[in-house]
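The structure follows.
The values are calculated or read from the model by the stated rules, or taken from the named source; none is laboratory data. Everything numeric in this text was worked out from a predicted model, so none of it was measured. Positions of Cβ are backbone-derived with ideal geometry, glycine not excepted, and every protein chain shown enters the neighbour counts. With ligands, DNA and RNA removed, areas are computed over all heavy atoms of the protein, side chains included. Shrake-Rupley method; radii C 1.70, N 1.55, O 1.52, S 1.80 Å.
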Amino acid sequence: MQDLVIRRPDDWHLHLRDGGMLRGVIADTSRHFARAIVMPNLVPPVVTIADAAAYRERILAAVPAGDRFEPLMTLYLTEGTDPDDVEAGFRSGLVKAVKLYPAGATTNSSSGVRDIAKAMPVLERMAEIGLPLCVHGEVTTPDVDIFDREAVFIETVLDPLRRRLPDLRITMEHVTTKDGVDYIKEQAANLAGSITTHHLIINRNAILVGGIKPHYYCLPVAKRESHRLALRAAATSGDVRFFLGTDSAPHVDPLKECACGCAGIYTSINTLSCLAHVFEEEGALDRLEAFASLNGPAWYGLPVNAETITLRKHAEPVRYPAKVETEAGPVTVFDPMFPLYWAVVQS
Ligand code: DOR
Ligand code: ZN
């Protein structure tokens with residue numbers, strides 16, 4: 001047996017949904033994570049500070065007694081978002097970031113931004129006050145191949161935006177390409193990137209080889225192996241600009257296993273086991289804490305968690321349920337396709 005003690009981690013990109021799904025999945029996060037940046041792509045989306053305050057209360061009501069968990073709220077950027085509302089949310093401490101979904105990029109993104117010029121007054125205000133923008137970095141124009149969406153977004157949207165507003169702090173969320181990693185590394189300031197657990201483990205073969213595997217489908221879609229290796233190198237490097245955002249995104253099985261399945265992979269329950277495996281494979285167990293627990297708070301200007309968790313490597317594989325049962329229906333758990341030996345020791 002081998003133990004690894006790290007500061008309690010945070011998840012800097014998480015989908016908790018609402019209602020029965022929220023009640024079914026929240027414990028898988030609050031068991032291990034102290035805080036999470038909660039995505040606002042509900043139906044309807046979390047657009048105003050009133051929406052965010054109400055959603056925060058619903059999340060807190062669903063946290064199991066005994067768990068201490070702080071949801072960090074985000075607002076969904078629309079072309080009609082009011083800069084004063086955003087600023088008031090930031091000043092009150094409720095709002096930790098604003099999320100940019102290009103319209104049509106992913107699940108529930110139809111109210112997102114079509115023309116970024118229309119969102120400029122909000123973005124200018126955010127740059128002024130120091131409120132970070134979280135971006136789903138993919139273009140949605142039909143002429144761009146789905147595997148190129150991230151690289152084209154960097155060139156045609158992100159880089160021009162950074163030139164126009166160099167003071168705007170931007171989190172490039174769920175980076176999936178070497179292009180994304182390289183772009184972040186080239187920048188001197190005000191840009192960081194989150195990386196998911198699953199993009200460190202799967203490449204696009206997982207989705208397509210031997211039949212279509214809907215439970216490996218997410219957005220941005222997993223890319224070819226060279227990109228996965230670049231993500232692994234970035235995550236395990238200790239570079240403060242890269243941190244964990246699981247993008248754990250539960251959908252009930254019938255909505256995944258159908259002719260037009262939803263994007264999203266559910267990893268909250270086994271993320272830390274998977275990450276310890278990956279970091280050990282890369283000879284970087286000593287950098288897991290930076291990725292999961294230190295770099296994120298540094299970027300978001302929040303204190304590191306005082307508590308620690310212990311990860312233990314067992315002699316026999318650790319088992320997770322294949323599915324999490326929720327009031328909304330069953331949710332399939334991410335299968336990394338290798339046995340897991342590390343698990344969090346429950347206190
Ligand atoms: O795979 C994904 N699922 N990517 C996203 O960007 C959204 C998420 C969801 O909400 O299901
Ligand atoms: Zn997401």
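If you keep only loop residues by DSSP, which trypsin sites (Lys or Arg not before Pro) in region 53-113 have at most 16 other Cβ atoms within 10 Å of their Cβ?
When the trypsin sites (Lys or Arg not before Pro) of region 53-113 are filtered for loop state and at most 16 Cβ neighbours within 10 Å, Arg68 remain.
Next up: For a label point 7 Å from the Cα of Glu281 along Cα→C-beta, name the residues of region 306-347 whose backbone N is under 14 Å from it.
335-342
Which order do you get for Glu325, Glu282 if you rank them by accessible area with a 1.4 Å probe, largest at the top?
Glu325, Glu282
Now a separate question. Could you give me the ³J(HN,Hα) list for region 220-233, computed from phi with Karplus coefficients 6.51, -1.76, 1.60 and θ = phi - 60°, whole Hz, x at Gly and Pro?
Rounded to whole hertz, the list is x, 5, 4, 9, 6, 4, 4, 6, 4, 5, 5, 5, 4, 4.
Can you pull the one-decimal nm distance between simple spin-label points at Lys185 and Asp115, each 7 Å off the Cα toward Cβ?
Distance between the two pseudo-spin positions: 3.9 nm.
Which value in nm describes the separation of the simple spin-label points at Arg319 and Phe147, placed 7 Å from the Cα toward the beta carbon?
3.8 nm
Quick one: how many Å² of Trp299 are accessible to a 1.4 Å probe, rounded to 10?
Probe radius 1.4 Å; accessible area of Trp299 about 30 Å².
Another one. Considering only DSSP beta bridges whose two residues both sit in the chain, what percent are antiparallel, to the nearest 5?
35 percent
Moving on to the next point. Could you tell me the accessible area of Asp84 in Å² (1.4 Å probe, neighbours in place), rounded to the nearest ten?
90 Å²
Residue by residue through region 27-37, what is 3J(HN,Hα) from phi via Karplus (6.51 cos²θ - 1.76 cosθ + 1.60, θ = phi - 60°)? Round to whole Hz and write x for glycine and proline.
Residue by residue, region 27-37 yields 5, 5, 8, 5, 4, 10, 9, 7, 9, 8, 6 Hz.
Per residue, how big is the convex hull around the C-alpha atoms of the chain? Give it to me in cubic angstrom, could you?
128 Å³
Let me ask you something else. Residues of region 295-343: accessible area per residue at 1.4 Å, in Å²?
Ligands and nucleic acids excluded, the figure is 53 Å² per residue.
While we're here: Using just the helices of the chain, give the 222 nm mean residue ellipticity in deg cm²/dmol: DSSP H runs with n ≥ 4 each add -39,500 (n - 2.57), and the total is spread over all residues, rounded to 500.
When only DSSP H runs of four or more count, the value is -8000 deg cm²/dmol.
Work out from phi, with θ = phi - 60° and the Karplus expression 6.51 cos²θ - 1.76 cosθ + 1.60, the ³J(HN,Hα) of each residue of region 142-154, listed in order in whole Hz, and give x for Gly and Pro.
For region 142-154, the Karplus-derived couplings read x, 7, 9, 4, 4, 6, 9, 4, 6, 4, 5, 4, 4 Hz, x marking Gly and Pro.
Something else about it: Can you give me the Cα centroid spacing of region 47-80 and region 233-253 in angstrom?
Taking the Cα centre of each part, region 47-80 and region 233-253 sit 21 Å apart.
Right, next: What part of the accessible area of the chain, given as a whole %, is carbon or sulfur when the probe is 1.4 angstrom?
Percent of accessible area from carbon and sulfur atoms in the chain: 53.
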